[in-house]
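Engineer: My questions all concern the structure below.
The values are calculated or read from the model by the stated rules, or taken from the named source; none is laboratory data. Note that the coordinates shown come from a computational prediction; the quantities given were computed from them, not determined experimentally. Backbone-built Cβ (ideal geometry, glycine too); neighbour counts: all protein chains shown.
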Amino acid sequence: MAPRAASPTAAGRSRTDMNGARTVQVWVGLSLLAGILVSPAATWGQSAPPPQKDRFEAADKNRDGRVDREEFYRVAVESFYFRDKTRKGYLTVEELREASPEAFKAANRKGDGRLSLEEYVNALFVDFDRADTSKDGALTWEEFEAYSRSGRR
């Protein structure tokens, strides 16, 4: 089973920032959750990635109609290494164009301007947990589609 979020903030709970203000972990919901199920076009052997439903089905490795935490974790790790084109072991805000600077900063728990694999995956699991409305540890196509349409960020 894939690991759960490692920090309270990555788990979607609030934290206190340096100014004492309560802030809520906000990641890039719609775009990043949808993007995590995107296999790079080169992987597909096409000039453009396939439609969302096809991406969802490709992430569903055991073909049970759901993307469970382990399947999601594997795609998240793949996505991290695909995005880390220079193989430096971290991602910068420039490499995550779909993330707002605020979302990047919230996910960057170390505050060093670099997202480690752990920080990246933890941030993605915030969205996974929000999209998993049945709270059964897996996303159905309907949950994924509803979350994508909701525009939550």
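Engineer: Taking residue 127 as the residue in question, decide whether it is crowded, with 20+ Cβ neighbours inside 10 Å, closer than 24 Å to residue 149 by Cβ, touching a residue at least 12 places away in the same chain (Cβ under 8 Å) and among the acidic types (Asp, Glu).
Structural biologist: yes
Engineer: Working only within the stretch 55-92, note down all residues that are more than 18 Å from residue 128 (Cα to Cα) and either basic (Lys, Arg) or at pLDDT below 90 (or both).
Structural biologist: Hits for the stretch 55-92 are 63, 83, 85, 87, 88.
Engineer: Right, here's the next one. Of all residues in the stretch 82-120, how many are of a type outside the set (A, V, I, L, M) and without any contact (Cβ under 8 Å) to a residue 24 or more places away in the chain?
Structural biologist: Within the stretch 82-120, residues that are of a type outside the set (A, V, I, L, M) and without any contact (Cβ under 8 Å) to a residue 24 or more places away in the chain number 18.
Engineer: Please tell me if residue 38 is at pLDDT below 90 and among the hydrophobic types (A, V, I, L, M, F, W, C).
Structural biologist: Judged against the criteria, residue 38 is a match.
Engineer: Additional query: Determine whether residue 146 is of a type in the set (Gly, Ala, Ser) and surrounded by 15 or more Cβ atoms within 10 Å (Cβ to Cβ).
Structural biologist: no
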